[in-house]
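The values are calculated or read from the model by the stated rules, or taken from the named source; none is laboratory data. Not measured: the values here are computed from a predicted model. Cβ sites come from the backbone with ideal geometry, for glycine too, and all protein chains shown count toward neighbours. Protein only, heavy atoms only, side chains kept; ligands, DNA and RNA dropped before computing areas. Shrake-Rupley method; radii C 1.70, N 1.55, O 1.52, S 1.80 Å.
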Amino acid sequence: VPLAAMLLARLVQDGELTKKLWERSQTGKAAVFAAGNSRQSSLYASIELSIGSPSLQECPSSIHILSILASLPDGFPETGELKDHLIKRLPVGHNFDQAVATLKRVALMYSEAGKNGSRLRILSAVRQFCASRLTAPEGYKMALLYTYVQVLQTHFAYTGTPRAYQLIPPEMSNLNSLLRALLEEQALRDGVLLATTRYIEWCRTLKLPSDD
């Protein structure tokens, strides 16, 4: 099923009346049914309809959580230490579990089982939309960054415990993406250089390239 069609179907299932959905689709950038739209623009319009749905508007933190998790190429663990750290760092007033449940309900996020536990995933088209159209408040972005900085500062490669080797290797792609973006922006915030050093140590220990 094409993603655009699935997103629209989920909106109807989520209780949005077809007539109201049609009216929203005809306004502004969300003219998903307009003739002549490219495939990408129609897909993006469908994503905009999902983001503007009543469910997400009633849980504003869901859009910010979607935005920050979309920056992670390998998803985010649905349970465990990283999730706990993130929840503690997110701004007051968020509801992480409610946000995730809402995002799943409108098909903007899904769970994927793996050998290291279930991970929250976002389809590449939705991730691309988020990168180009959404900007999370600084507090949400810093919460994600320092969640990963903290685990790197806590779990060392050279003296790594079994817990460290369970936690860090599945996050290497995410760490690479976050740290590379910060270094390219020259956003050398507290702890970032040390975290980068720890990341390089893990790359060497795991025999992964650190200069790609």
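Structure summary
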{"item": "Which of Cys130, Pro209, Leu152, positive extreme of dipole for the stretch 120-212 (C-beta unit charges)", "result": "Cys130"}
{"item": "Whole-Hz couplings from phi, Karplus 6.51/-1.76/1.60, listed for the stretch 108-121; x for Gly and Pro", "result": "8, 8, 8, 9, 9, 6, x, 5, 9, x, 6, 10, 7, 10"}
{"item": "Using a Förster distance of 30 Å, the FRET efficiency for Thr161-Ala101 (Cβ separation, nearest 0.05)", "result": "0.40"}
{"item": "Most to least packed among 156-165, 85-94 [average Cβ atoms within 10 Å]", "result": "85-94, 156-165"}
{"item": "With DNA, RNA and ligands ignored, accessible area of Ser124 (1.4 Å probe; Å², nearest 10)", "result": "70"}
{"item": "In order through the stretch 90-103: 3J(HN,Hα) via Karplus (6.51 cos²θ - 1.76 cosθ + 1.60), integer Hz, x for Gly, Pro", "result": "5, x, 4, x, 7, 9, 4, 5, 5, 4, 5, 4, 5, 5"}
{"item": "Cα→Cβ-extended label distance, 7 Å offset, between Asp84 and Leu208, nm", "result": "2.3"}
{"item": "For Leu43, solvent-accessible area (1.4 Å; no DNA, RNA or ligand), Å²", "result": "30"}
{"item": "Size of electric dipole in the stretch 65-204: Cβ of Lys, Arg +1 and of Asp, Glu -1, about Cα centre, debye, nearest 20", "result": "220"}
